[in-house]
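The values are calculated or read from the model by the stated rules, or taken from the named source; none is laboratory data. This is a predicted model, so every value here is computed, not measured. Positions of Cβ are backbone-derived with ideal geometry, glycine not excepted, and every protein chain shown enters the neighbour counts.
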Amino acid sequence: MLEISGHPCDSFCDRHRRRHFLRIGGLGLGGLSLPRLLQAADLSQAAGLGSATGKVLPHKAVIMVYLPGGPSHQDMYDLKMDAPSEIRGSFRPIKTNVSGIEICEHLPKLAGMMDKFTIIRSLFGSPDQHASDMCVSGYPIGPRGRQDQHPSLGSAASKLLGPVDRAVPPFVGLTIKTRHDPYSNPGFPGFLGAAHAPFQPDGEGMDNMRLQNLTLDRFRDRRTLLDSLDRFRQRQDASAEMAAYDTYTRKAFDVLTSSRLVEALDVEREDAAVRELYGRGDASPAFGEDAGPHWMDQFLVARRLVEAGVRCVTLSFGSWDRHHSNFSRLPQQLALFDQAITALVSDLHRRGLADDVSVVAWGEFGRTPRINKDAGRDHWPQASCCLLAGGGMRTGQVIGSTNRLGEVPQDRPVHYQDVFATLYRQLGIDTRHVTIPDHSGRPQYLLDRRDPIAELI
């Protein structure tokens, strides 16, 4: 593990230090080190699997927020006040700044800037699977494995568009590791292979490349870094494997020592007022459950990463599998999500990025209309919800509806893949025509449903 030491800073509630985001040891996936990923990228290009045009398109980006466990659609954006008490629950709707749209009382900041968001109330198409696969790729776990071996949106963008800056990875996954592994899929590359896996700043993967006594200040000094690297190599036995990977090791350190990447990960560089706008939170799983954290800093890091040149950032937030304690825990969680998502979107608008960066927040399914005996709601894949912003999309609207009890889509059903077709379009990728060759060289469409949502474009 390559750990970059920094000055202690007890910024987070769990007293994790700032250098948590600078543990660069695992910019890889599945045990592959960054040098191996770079080699895989070169092999991919040599095999004719690179960008068809060889050009870097204008920089567009997507920030994907996964809500692990399945958020309750009828307790967030689709309250059913005319339903019986065992359906509607205890939350009340409030008006938003868009006439005719009401949402949950525990989302007041979102209500105040509804004109910058779009709600989809009629989302469908996901099976009863506790996994992020559908939310990062448009495909659930299938007969061929995770994402049914299809690439995630971030991996497809990496493949088709390439890096904006050679020293900045096009796809970054901030999702934390969970015991229930399907929650922590940041977006697998599927048949595209390791060359287009997400870079994970807090992962594992370069355990054989520990540099001793390297501080953050020295890390920013390229000459010092190279001297440290030389000493590291002198300590290693000369081996054929080390010689073979020497070129890719140098490329890896080009990425690791990029001031753009390091500075994007360093939220301490932000003005204090901006940090307070987002909130802090911490890296521990929400409510001590096996799910995402209430870590609002990740939303800020995501914004900083896309500014630095990343095309897709994925993160997870909260624990939404509320089989019990739904109405006692959601108020706390909704307040934190309300702060983070509105801070992100208002920040994008303030910085002139709202037309270039699309934001999506959703989970793998909805919750049962009927409240169970434990004051919770169970799995309900028949209907779910989605929150969208930015990307030049039309906002200030609600798309679709469910029936009186929130059981099934009623007007304008929207499939998960319809949302993906729209997000791809905003990146400049036309899913109706673009294909990518699979392992056998056979061209594959990115999605089965390939038409963007007309109301958004």
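Odds and ends about this structure:
- Taking region 381-410 as the range and being over 21 Å from SER85 (Cα atoms) and charged (D, E, K, R) as the test, only ARG394 passes.
- Taking (1) free of Cβ contacts under 8 Å to residues at least 60 places away in the same chain; (2) within 25 Å of ARG425 (Cα to Cα); (3) hydrophobic (A, V, I, L, M, F, W, C) in turn, ALA383 satisfies each apart from (1).
- In region 170-197, the residues that are out of contact with any Cys (no Cβ under 8 Å at 6 or more places or on another chain), in a loop (DSSP other than H, G, I, E, B) and at pLDDT 90 or above: LEU174, THR175, ASN185, PRO186, PHE188, PRO189, GLY193, ALA197
- Given (1) under 23 Å from CYS312 (Cα atoms); (2) in contact with a helix residue (DSSP H, G or I) (Cβ under 9 Å, 6 or more places away or on another chain); (3) of a type outside the set (Phe, Trp, Tyr), index of the condition GLY376 fails: (1)
- Pairs where the first residue, in region 426-454, is under 23 Å from ILE63 (Cα atoms) and the second is acidic (Asp, Glu) and not in a loop (DSSP other than H, G, I, E, B), C-beta under 6 Å, 6+ apart: ARG449/ASP418; ILE453/ASP418
- The lone exception for MET296 - which of (1) out of contact with any strand residue (DSSP E or B) (no Cβ under 6 Å at 6 or more places or on another chain); (2) under 20 Å from HIS73 (Cα atoms); (3) among the aliphatic types (A, V, I, L, M) it fails: (2)
- Restricting region 361-372 to residues that are more than 23 Å from the chain's Cα centre (by Cα) and within 11 Å of ASN326 (Cα to Cα), the residue that is surrounded by the most Cβ atoms within 10 Å (Cβ to Cβ) is ILE371.
- Verdict on ARG367 being under 24 Å from GLN417 (Cβ atoms), among the charged types (D, E, K, R) and in contact (Cβ under 8 Å) with a residue 12 or more places away in the chain: yes
- GLY138 being modelled with pLDDT of 90 or more, under 23 Å from GLY70 (Cβ atoms) and buried (at least 23 other Cβ atoms within 10 Å of the Cβ): yes
- Among residues of region 316-335, those that are in contact with a Phe, Trp or Tyr (Cβ under 9 Å, 6 or more places away or on another chain) and part of a loop (DSSP other than H, G, I, E, B), counted: 4
- Qualifying positions in region 133-157 - under 21 Å from ALA361 (Cα atoms) and not in a loop (DSSP other than H, G, I, E, B): ASP133, MET134, CYS135, VAL136, SER137, ARG146, GLN147, LEU153, GLY154, SER155, ALA156, ALA157
- Residue selected from region 149-203 under the condition small (Gly, Ala, Ser) and more than 17 Å from the chain's Cα centre (by Cα), by the criterion surrounded by the most Cβ atoms within 10 Å (Cβ to Cβ): ALA195
This table checks each residue for (1) surrounded by 21 or more Cβ atoms within 10 Å (Cβ to Cβ); (2) among the β-branched types (Val, Ile, Thr); (3) under 25 Å from PRO151 (Cβ atoms); (4) more than 18 Å from the chain's Cα centre (by Cα).
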residue	(1), (2), (3), (4)
VAL301	yes, yes, yes, no
VAL306	yes, yes, yes, no
LEU315	yes, no, yes, no
LEU334	yes, no, no, yes
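- The numbered conditions (1) out of contact with any Cys (no Cβ under 6 Å at 6 or more places or on another chain); (2) at pLDDT 95 or above; (3) under 30 Å from PRO169 (Cβ atoms); (4) not polar (S, T, N, Q) are all true for ILE120 except (1).
- Selected residue (only one of ARG322, ARG311, ARG329 is more than 17 Å from GLY187 (Cα to Cα) and either crowded, with 24+ Cβ neighbours inside 10 Å or out of contact with any Ser or Thr (no Cβ under 9 Å at 6 or more places or on another chain) (or both)): ARG322
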